[in-house]
Amino acid sequence: MARVVCIHGIGQQWVGERELHRSWHPAMADGLLRAGASATLHADDVHCVFYGDLFRPQGRTLAATDPPLDASDVAEGFETELLLALWTEAARTDPGVMPPEAHTLARTPRTVQRALDALSQSRFFASLAVRALVLDLKQVRAYLYEPEVRDAVQERVAAVVTDRTEVLVGHSLGSVVAYEALCAHPEWPVRSLLTVGSPLGIRGLVFDRLRVGVSGKPGDWPGSVRTWTNLADEGDVVALVKDLRPLFGEAVHCRLVHNGSRAHDATRYLTTAEAGRAIADGCALS
């Protein structure tokens, strides 16, 4: 019976809902303090939806060592397009990343390898192995292109939203999940949406593939929410489009925040006064 339902992003297949709760709940409490809220949220007020296990490989009998994922495993189409978009954004925000030239954007195996090499040198992706980056690309594609994956994730969200739920928080791909869930359930009593590090504004790759029902269209207001706050760090490569208002309307409150060297980190977003204010307003804690 949570008042705040949180939805994580990609790359979380090795954790679980309790581990996420142990980091997200105190981060929210600190954000509420920064915002000067008159009350806080108890542990039972927050629920973290977990779907990372849908991307975790099943156990199997020991066999020959699997070859590591590399450039050849990045599929043509969506995965390559997203990789190149991330490379372009990383080069824009990080002077240490060599930008792709116009002719480099031709979709070839060599281009994919150059993109992976460039991103591995960036501040944003420096700690992420090539294998993990390729897996992340595949998780985003699976959610957007495989109905059975999308439906399974959405079912987990719907299972925990109740008439007591006031705020949905979505980080990274979780912001896409949250937006689609609210569009699919206008009857929910959720009053506020908080999206952080969101890729919702990426045209052609994410925005245009949003599932909003038979009669809806990408860019529609998400269900019954009264307020929507979107936070982005200038160096957050995943939040490629920082201002969502041109696509979703002027009512979206878009704010730039500073997360230091961990620009995309969910807990750093949640400790900001801006996140605290959005949650406080949604839960009437101020």
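The numbers here are math on the coordinates, done by the rules we state, and not lab data. In this text, all values refer to a predicted model and were calculated from it rather than measured experimentally. All Cβ positions, even for glycine, are placed from backbone atoms using ideal geometry, and neighbour counts span all protein chains on display.
A simple rule links phi to the HN-Hα coupling: the Karplus curve 6.51 cos²θ - 1.76 cosθ + 1.60 with θ = phi - 60°, which for region 255-260 gives 9, 8, 10, 10, 10, x Hz, with x for Gly and Pro. Considering only Leu54, Val167, Val112, the residue lying farthest towards the positive end of the dipole of the chain is Val167, judged by Cα position with unit charges set on Cβ. Ordered by the number of other Cβ atoms lying within 10 Å of each residue's own Cβ, fewest first, Met98, Met28 fall into the sequence Met98, Met28. Here the relative contact order of the chain, from alpha carbon pairs under 8 Å that lie six or more residues apart, stands at 26 percent. Less than 5 angstrom separates the built amide H of Val252 from none of the residues sequence-distant by 5 or more or on a different chain. Computing Rg and the Kirkwood Rh from the Cα coordinates of the chain gives a ratio, Rg/Rh, of 0.96. Computed 3J(HN,Hα) for region 196-201, one whole-Hz value per residue from the Karplus formula 6.51 cos²θ - 1.76 cosθ + 1.60 where θ = phi - 60°, is 9, x, 8, x, 4, x, glycine and proline marked x.
Here r is the Cβ-Cβ distance between Lys242 and Ser23 and R0 is 30 Å; the resulting FRET efficiency, rounded to 0.05, is 0.75. By the helix-only formula, in which each DSSP H run with n ≥ 4 contributes -39500 (n - 2.57) and the sum is divided by residues, the chain has a 222 nm mean residue ellipticity of -11500 deg cm²/dmol.
Residues Lys138, Lys217, ranked from the fewest to the most other C-beta atoms within 10 Å, line up as Lys217, Lys138. Against the main long axis of the alpha-carbon atoms of the chain, helix 130-145 sits at an angle near 60°. When the charge dipole of the chain is built from unit charges on Cβ atoms (+1 for Lys and Arg, -1 for Asp and Glu) and taken about the Cα centre, the candidate among Ser23, Val176, Gly216 whose Cα reaches farthest toward its positive end is Ser23.
Here the dipole of region 146-286 is about 200 debye; that uses its Cα centre as origin and unit charges on the Cβ of Lys and Arg (positive) and Asp and Glu (negative). On C-alpha positions alone, give me the angle between the axis of helix 273-282 and the longest principal axis of the chain, in degrees, nearest 10. Helix 273-282 sits roughly 50 degrees off the main axis of the chain. For Gln113 and Leu256, what is the calculated FRET efficiency with R₀ set at 41 Å and r taken between the beta-carbons, to the nearest 0.05? My answer for the efficiency is 0.80. Placing +1 on each Lys and Arg Cβ and -1 on each Asp and Glu Cβ, with no other charges, gives the chain a dipole about its Cα centre of roughly 220 debye. Set the Förster radius R0 to 45 Å, insert the Cβ-Cβ distance between Ser38 and Val214 as r into 1/(1 + (r/R0)^6), and round the FRET efficiency to 0.05. Efficiency computed from Cβ-Cβ geometry: 0.60. Across region 71-144, Cα pairs under 8 Å and at least six residues apart give a relative contact order of 37 percent. Dipole magnitude for region 71-144: about 80 debye, using +1 per Lys or Arg Cβ and -1 per Asp or Glu Cβ, origin at the Cα centre.
Amide hydrogen proximity for Cys6: with H placed 1.01 Å from N in the peptide plane, the residues at 5 or more positions away or on another chain lying under 5 Å are His47, Cys48, Val49, Val169.
Principal-axis analysis of the Cα atoms of the chain puts helix 78-93 at an angle of about 80° to the longest axis.
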